[in-house]
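These notes concern the structure reproduced below.
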Amino acid sequence: MNSTTETEVLIDAVDDILTHRFLLDYPRDAAQIIEESDVTAVADVLSNQDIYVQLPAWQQLVPHAASRLLDAMPVDVCQKILTELPPHYTVKVLGQFDEARQQEFLNLLSPGIQKELNDLMSYPNECAGRLMDTRITHFRGDMTAEKTLSILRNSKLKTARALFLVDNDGRLTSKVHLQDVAVADPNTPLHTLAQPIVTAVQSMAPNEEVTELFESQQLLDLPVVDLDNHLLGIIYHANLLKASQQELSSDLLAMVGASREERALSTPFFAVKKRMPWLQINLITAFMAASVVGIFENTIAQFTALAVLLPVVAGQSGNAGAQALAVTMRGLALREITIRQWGLVMWKEVSTGLMNGLCIALTCGIGVYVWSQSLGLVIVICSSMILAMIAAGFAGALVPIMLVRLGQDPAQASSIILTTVTDIAGFFAFLGIATLLSGML
């Protein structure tokens with residue numbers, strides 16, 4: 001009995017020594033064996049090895065395999081591994097987990113390391129890093145089709161229509177369409193099915209660049225890389241669409257002076273704090289428009305019909321301006337236009353305003369004549385309607401472009417500025433022409 005026990009101890013000791021030397025001398029081969037082996041068994045073997053013996057092999061693992069192995073390791077070993085691994089590689093491994101599991105691992109580390117990793121995992125708003133999905137499976141060119149499909153079945157992770165291949169240093173090299181892998185011979189290596197990467201985007205690239213790539217190249221998924229071309233994640237078309245919808249909803253809030261951060265169930269105090277500054281600004285601009293009416297007080301007092309028709313002109317010009325504003329802001333957001341094309345956009349909207357103004361003026365003139373039987377009043381409202389619609393188109397096109405040129409958010413201030421311009425232009429055109437043609441009223 002004692003002899004058998006001693007033999008088993010001796011065999012275990014030899015296994016540990018051989019594993020020790022293999023991990024140190026052939027870390028890349030060890031990583032490939034680990035990726036293809038049962039994760040629980042590998043975790044038991046590695047747990048008996050010194051952390052510095054494991055590290056070379058850990059750094060050769062693809063992040064998905066490393067995350068599965070990390071999840072199976074004892075807590076004390078996880079702490080040592082995450083502490084000693086290079087931060088950028090640690091970020092890629094932690095990126096394979098959901099936020100709750102990420103935080104559990106981060107809590108094992110010292111505050112300094114936690115802060116460093118959190119800084120590396122966070123990206124500014126409106127950049128590719130915020131859109132990408134890091135929970136992806138990395139593949140190497142020497143993996144077979146059979147092994148690849150087995151990994152996909154076991155990972156249960158969302159995957160792109162194309163599988164992106166990396167070299168032994170984790171750098172993006174090529175891609176393989178999933179349908180090609182599915183119909184290939186089981187022993188076919190992936191590199192024989194590989195196709196070149198059409199495009200990739202860096203993690204700090206702005207959303208506008210990502211949108212332009214998806215639209216110009218008809219992409220379904222887009223790889224995200226760092227400065228050294230290491231694969232960080234994938235942007236799926238659905239993620240981009242969701243982000244665009246969220247951005248659009250926040251722009252709608254901003255255009256009416258509400259905060260992008262406000263939600264339907266936010267507290268009244270929070271809503272008031274966010275809305276009040278813009279309501280005060282809107283009040284000032286309303287007084288500006290009212291002052292124009294005050295200039296023509298005597299004309300309105302003499303011809304009371306003008307007071308009845310005044311909101312008609314202002315309302316029509318406001319709606320026309322809002323249409324021009326929406327189209328221009330969409331063009332800027334989707335990069336259909338740039339600020340250098342302001343002349344073309346302005347000419348298009350002014351021309352549209354003129355043609356719409358003529359049509360609306362004709363309809364309005366008929367209605368006013370039936371109501372008032374005054375040809376002079378018809379001339380006043382028709383001419384002022386045309387001028388107001390032209391001014392609305394001009395302002396709707398130029399205001400957001402000017403704000404972008406000045407480095408401001410066009411969604412935040414365009415609506416208030418546009419309302420002021422259209423009100424003043426409509427009031428001034430209508431009452432000014434009425435004053436000039438008062439002899440016909």
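Just from its helices, what would the mean residue ellipticity at 222 nm be for the chain, if runs of 4 or more DSSP H residues each count -39500 (n - 2.57) and the sum is divided by every residue, rounded to the nearest 500 deg cm²/dmol? Value at 222 nm, helices only, nearest 500: -22500 deg cm²/dmol.
Taking the inverse of the mean reciprocal distance over all distinct Cα pairs, the Kirkwood hydrodynamic radius of the range 296-438 comes to 15.6 Å.
Scanning residues 5 or more positions from Ile235 or on other chains, those with amide H under 5 Å from its amide H are Asp133, Leu222, Val224, with H placed 1.01 Å from N in the peptide plane.
Show me the GluC sites (Glu not before Pro) within the range 72-138 that DSSP assigns to loop and that have at most 15 other Cβ atoms within 10 Å of their Cβ. The qualifying sites are Glu126. Computed over protein heavy atoms with a 1.4 Å probe, the accessible surface of the range 325-428 works out to 50 Å² per residue. The charge dipole of the range 283-441, taken about the Cα centre with unit charges on the Cβ atoms of Lys, Arg (+1) and Asp, Glu (-1), comes to about 360 debye, rounded to the nearest 20.
Compared with the dominant Cα axis of the chain, that is its longest principal axis, helix 207-217 is turned about 80°. Put a dot 7 Å past each Cα toward the Cβ at Ala290 and Val75; how far apart are the dots in nm? The two pseudo-label positions are separated by 6.6 nm. For the chain, a simple Cβ point-charge model (Lys and Arg +1, Asp and Glu -1, everything else neutral) yields a dipole of about 2440 debye relative to the Cα centre. Taking 7 Å steps out from each Cα toward its Cβ at Thr363 and Glu116 produces label points 6.8 nm apart. Using DSSP to define loop residues, name the chymotrypsin sites (Phe, Trp or Tyr not before Pro) in the range 275-322 whose beta-carbon has at most 13 other beta-carbon atoms within 10 Å. When the chymotrypsin sites (Phe, Trp or Tyr not before Pro) of the range 275-322 are filtered for loop state and at most 13 Cβ neighbours within 10 Å, nothing remains. Label the range 347-389 by shape, choosing from rounded, prolate and oblate, from the square roots a ≥ b ≥ c of the eigenvalues of the Cα gyration tensor; if a/c is under 1.5 it is rounded, and otherwise prolate applies when a/b is larger than b/c, oblate when it is not. Because a/c hits 1.5 or more and a/b exceeds b/c, the range 347-389 counts as prolate. When the Cα gyration tensor is reduced to axis lengths a ≥ b ≥ c, the ratio a/c is 1.5 or higher for the range 73-224, and with a/b not above b/c it is classed as oblate.
Nonpolar atom fraction for the chain, defined as the carbon and sulfur part of the 1.4 Å probe accessible area, stands at 60 percent.
Among 105-114, 305-314, 133-142, the peptide with the highest mean count of other Cβ atoms within 10 Å heads the list, and the full ranking is 133-142, 305-314, 105-114.
The values are calculated or read from the model by the stated rules, or taken from the named source; none is laboratory data. Because the structure is a prediction, the values reported are computed rather than measured. Glycine also receives a Cβ, built like all others from the backbone with ideal geometry; neighbour counts cover every protein chain displayed. Side chains are part of the model used for accessible areas, which takes the heavy atoms of the whole protein and leaves out ligands, DNA and RNA. Shrake-Rupley method; radii C 1.70, N 1.55, O 1.52, S 1.80 Å.
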